[in-house]
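Following: one structure in C-alpha cells, then a few remarks.
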Amino acid sequence: MVPFGGWDMPVQYTGILDETRAVRNSVGIFDVSHMGRVVIKGTSAGEFLSCIFSTDVEKLAVGRAKYGVTCDQEGGIIDDNIVYRLSPMEYMLIPNAGNREAISSWLNRWLPNDDSVAIDDVSERTAMIAVQGPDSFQTLSALAESDLESVGPFRIVEMAICGQTMLVARTGYTGEDGFEIMPSTDVVLDVWDQLIQHGAIPCGLGARDVLRLEAGLLLHGNDMDQTINPYEAGLDKFVDANREAYIPGTTLREMRQMAPSRSLVGFTMVGRGIARHGYPITDGAEMIGTVTSGSVSPTLDKAIGLGYVRSGFTSEGTRLFIEIRGKKIEAEVTCLPFYLRSR
Amino acid sequence: MSYPADIKYTKEHEWVRVESDTEVVIGITTYAADELGDVVFVELPEPGAKVVSHEQFGEIESVKAVSELYSPVTGTVIQRNEELSDAPEIVNDSAYEQGWMIKVEVADTSSLDELMSAEEYEQFLES
C-alpha cells in the first residue's frame, strides 16, 4: 500500500506485469474511488462549467462525456477532468484525487452569488470501479440488468448492476474498452466481489500507471501541472479557447499564437535502461528537457516514457539521451500513443 | 515465507552463500524480490571488478522502482549471472538458485560471521 492523493492505495495485488496483461487480454478491475465525483447542478450549471472547463459543455448532449482540462487564469493546468452531462441541468466533474481541493476552491471562486448553480461533492458517498479490458463488456453484462450496448463510448447511463442502481460510464484510463461504474459505498464491496467471481482480475496503481502510459495518457502531477499550459502538454484538441466567457480564454488564445518553447513528447528507449520521472534529457551534450513518466511496457516489450523537450527535438525519430543515474542512454522520439488497441 | 538455513543475510536484504574457502555467491532475498515486484533490469559488475563490503555493486530495477545492490563482502568479482540480462524475472522466480547475481573471490570468509543467520534475518524482518 502507498499513499496517493490522500488515500492508501495498493500498488499491486499479484504483480504489475500480470495485471497489465490481464487488462490488455481479458478484464481487470481498479478501485478508483479516490477520484473525485463533483456534481454541478442548477439552471446556470452548463454556463458556469463552460467558463471553467476547456470545452463548451452546454453543447454536450445529455448522457455524454467529454475529456478536458481546468486551467487557471495564466493558462496553467489545475487538473485534467472528465465531465459527464447527467441531465439538462446537471453535470458531474471528475477531479484527480490530489486535486479535489484545488478544483473545489477554483469552482467556488467563480460560483455565481445567486442560487443558479449548486455544487455537491458526492465523492465520499459513492465509490468508483473501473472495469477495463476486451472482456469488460462480457463481465459487466453478466451483472447488469439492462443492455450495456446502450452505453456507447464516452456515454453515461444509470442502470442496475448487481441489483443496485448506479451510474455506468464507458470511459477509462487504460487504452482499452471499458467502463467506470459508481456504486454507493454500502454496496461497492459486493459489486467488487461479484466482478471477481465473473473473471475480473484486481489491478493496482502500478498497472494503471503502465497502462495509461502505453496509451499515451498524461498523469496530472507527473506529466502536467499548473506551470504547464495545455499547448505544451499537447492537449490542443481538448481546448476550445475561442469563447468569450471562458475564464482563461484570452491568455490561452495568446499562448496558442506562440510556438511553445517546450513540448511533451513520447520516447522509446534504444539503449538498456528505464527512464524515470525527473531524469534529465540531453541531446548528447546539452540538457534539453526532463522526463515526466517512464516505465517498461510489457505490451510492447520496450521501455517507454514521456517528457518535455525544447522545440527542435520533437519530431518522430529524433535522438535523445536520457541521463539515467550518470549514464547517457539513447532514446528516440516516438509518436503517441505507444499502444492503440485494434477495434 | 521461509529462508534457506545454509546462507547468510544482510540488513540490505542480500544473501551470501559460501562456495569454498575463498568463493562466495551473492543474490537478493525473496523478501527484497517481493518488495520490488516484477524485476525488469539488473546491472551487475563485470568479472575483475572490485566490490567492497557495505558499498554499492550494482542496481536492480522493477516496474515500480530502482534500488541499489550492496555488497556483503570485499573481494573481486569472478563471475556474474549473464542470464539475468535477458531474463531478469528469474530473480522473482528463484531468488536463491537461478537468480544469483555475482560470484566473488574473497580473502577469507570469516567476515561473514557478522552477517545474519536465516533465523536472525526473519527476526530482523519482523522487528
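The values are calculated or read from the model by the stated rules, or taken from the named source; none is laboratory data. Note that the structure is predicted; figures quoted are calculated from it, not measured. Virtual Cβ from ideal backbone geometry, glycine too; neighbours counted across all protein chains shown.
Quick notes on this structure:
- Considering the stretch A:238-343, the qualifying strands (runs of 3 or more DSSP E), each wholly inside and each with 2 or more residues that are farther than 30 Å from residue B:68 by Cα, run over A:262-269.
- A single entry from A:291, A:296 fulfils the requirement of being touching a Pro at 6+ places or on another chain (Cβ under 9 Å), surrounded by 19 or more Cβ atoms within 10 Å (Cβ to Cβ) and within 30 Å of residue A:21 (Cβ to Cβ): A:291.
- Residues (more than 14 Å from chain B (Cβ to nearest Cβ), free of Cβ contacts under 8 Å to residues at least 60 places away in the same chain and more than 20 Å from residue A:174 (Cα to Cα)) located in the stretch A:289-313: A:289, A:290, A:309, A:310, A:311, A:312, A:313
- Checked against the criterion of being more than 14 Å from every other protein chain (Cβ to nearest Cβ), in contact (Cβ under 8 Å) with a residue 60 or more places away in the chain, more than 24 Å from residue A:71 (Cβ to Cβ) and among the charged types (D, E, K, R), the candidates A:286, A:332, A:316 yield just one match: A:332.
- All positions within the stretch B:44-68 that are surrounded by fewer than 18 Cβ atoms within 10 Å (Cβ to Cβ) and under 23 Å from residue A:276 (Cα atoms): B:56, B:59, B:65, B:66, B:67, B:68
- Annotation: of all residues in the stretch A:7-55 being farther than 21 Å from residue A:120 by Cα and among the acidic types (Asp, Glu), the one that is farthest from the other protein chains (Cβ to nearest Cβ) is A:31.
- For the stretch A:67-79, the criterion of a residue being surrounded by fewer than 20 Cβ atoms within 10 Å (Cβ to Cβ), away from every other protein chain (no Cβ under 14 Å) and within 25 Å of residue A:214 (Cβ to Cβ) is satisfied by at least one position.
- Qualifying residue in the stretch A:247-259 (condition: more than 26 Å from residue A:52 (Cα to Cα), of a type in the set (Ser, Thr, Tyr) and modelled with pLDDT of 95 or more): no
- Qualifying residue in the stretch B:28-43 (condition: free of Cβ contacts under 8 Å to residues at least 60 places away in the same chain, within 14 Å of the chain's Cα centre (by Cα), under 11 Å from residue B:102 (Cβ atoms) and surrounded by fewer than 18 Cβ atoms within 10 Å (Cβ to Cβ)): no
- Qualifying positions in the stretch B:48-89 - among the β-branched types (Val, Ile, Thr) and within 14 Å of another protein chain (Cβ to nearest Cβ): B:60, B:63, B:66
- Residues located in the stretch B:69-89, provided they are surrounded by 23 or more Cβ atoms within 10 Å (Cβ to Cβ) and assigned to a loop (DSSP other than H, G, I, E, B): B:71, B:72, B:73
- When the stretch B:23-47 is filtered for residues that are within 11 Å of another protein chain (Cβ to nearest Cβ) and among the charged types (D, E, K, R), the ones remaining, listed by number, are B:34, B:35, B:38, B:43.
- Filter result (in a loop (DSSP other than H, G, I, E, B) and farther than 15 Å from residue B:54 by Cβ) within the stretch B:1-30: B:1, B:2, B:3, B:4, B:5, B:6, B:7, B:19, B:20, B:21, B:22, B:29
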